[in-house]
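A quick write-up on the structure given underneath.
The values are calculated or read from the model by the stated rules, or taken from the named source; none is laboratory data. Note that the coordinates shown come from a computational prediction; the quantities given were computed from them, not determined experimentally. For neighbour counting, all protein chains shown are included, and Cβ atoms are generated from backbone atoms with ideal geometry for every residue, glycine included. Calculation scope for accessible area: heavy atoms of the full protein, side chains included, ligands and nucleic acids excluded. Shrake-Rupley method; radii C 1.70, N 1.55, O 1.52, S 1.80 Å.
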Amino acid sequence: MAAQPGTGRANQKQRTRTAIVTAARELIGSGEEVTMPLVARTALVSEATAYRYFPDLSSLISEALAGAWPPPAEALAPVADSADPVERVAFACEFLLRGVLARQGAVRAMIAATITRPGAASARPGIRFGLIEHALAPLESTLGTTDPEAFAQLERDLAVAVSAEALFTLTDLCGLDPERAVASAVHTATALTESAVRRSA
């Protein structure tokens with residue numbers, strides 16, 4: 001039996017959409033710049049076609065990144081048995097920043113979209129927040145109970161240090177190579193955590 005015309009068009013649209021998302025994932029995995037023209041060229045479609053499926057680059061990147069990051073508990077599995085929040089935060093910070101380096105073309109594009117269109121911030125994955133929350137779990141019953149505001153302030157402080165923005169400040173503006181930049185960010189994150197731990201003792 002011949003396929004219905006509508007079904008054939010729907011299948012073609014799905015194939016085109018899949019090709020565009022797959023091309024975006026390939027570019028993201030390369031760590032290089034990610035733009036809509038490059039995605040379209042890689043997917044063998046026109047730029048206009050790519051924009052028909054995704055209204056902007058951030059929405060495409062958001063879909064392409066879906067499932068790319070493991071959940072916080074899985075990401076922090078190597079330190080799951082540690083009750084030391086400093087060790088856990090150090091691991092979480094390095095995990096995030098190395099993931100950012102591996103996908104920095106896409107991350108930079110998402111940050112740029114957020115700056116020019118603040119309403120697009122909700123499209124960003126927000127991986128850091130889950131990692132920070134999980135890393136600080138040992139402090140919830142101590143500092144989180146005795147001084148909830150100090151605990152919340154630590155979470156906010158870490159959201160600044162454990163971030164792609166901090167990493168790019170260190171590489172782009174401070175001139176550090178990626179390894180030194182990661183080490184510097186980890187140093188800041190652990191110093192913040194150590195200070196909070198001392199206060200809660």
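Assorted remarks:
- All positions within the range 26-35 that are surrounded by 19 or more Cβ atoms within 10 Å (Cβ to Cβ) and part of a helix (DSSP H, G or I): Leu27, Ile28
- Residue check for Glu63: within 24 Å of Glu179 (Cα to Cα), in contact (Cβ under 8 Å) with a residue 24 or more places away in the chain and surrounded by fewer than 20 Cβ atoms within 10 Å (Cβ to Cβ): no
- Among the residues of the range 78-112, those identified as within 20 Å of the chain's Cα centre (by Cα) and not hydrophobic (A, V, I, L, M, F, W, C) are Pro78, Arg88, Glu94, Arg98, Gly99, Arg103, Gln104, Gly105, Arg108.
- If you filter the range 1-25 down to residues that are small (Gly, Ala, Ser) and assigned to a helix (DSSP H, G or I), you find that the one that is modelled with the lowest pLDDT is Gly6.
- Condition broken by Ala150, with the remaining ones in (1) over 17 Å from Ser200 (Cα atoms); (2) part of a helix (DSSP H, G or I); (3) of a type in the set (A, V, I, L, M) satisfied: (1)
- When the range 10-25 is limited to residues that are open to solvent by 50 Å² or more (accessible area, probe 1.4 Å) and polar (S, T, N, Q), the one that is nearest to Val107 (Cα to Cα) turns out to be Thr22.
- Within the range 177-201, tally of residues that are under 21 Å from the mean Cα position of the chain (by Cα) and in a loop (DSSP other than H, G, I, E, B): 1
- Failed item in (1) under 22 Å from Pro72 (Cα atoms); (2) of a type in the set (Phe, Trp, Tyr); (3) open to solvent by less than 60 Å² (accessible area, probe 1.4 Å), with Phe168 passing the rest: (1)
- Residue match in the range 146-160 (condition: β-branched (Val, Ile, Thr) and open to solvent by less than 60 Å² (accessible area, probe 1.4 Å)): no
- Summed over the range 77-121, residues that are in contact with a Leu (Cβ under 6 Å, 6 or more places away or on another chain) and either free of Cβ contacts under 8 Å to residues at least 24 places away in the same chain or polar (S, T, N, Q) (or both) total 0.
- Restricting the range 100-131 to residues that are of a type outside the set (A, V, I, L, M, F, W, C) and under 17 Å from Gly31 (Cβ atoms), the residue that is modelled with the lowest pLDDT is Pro125.
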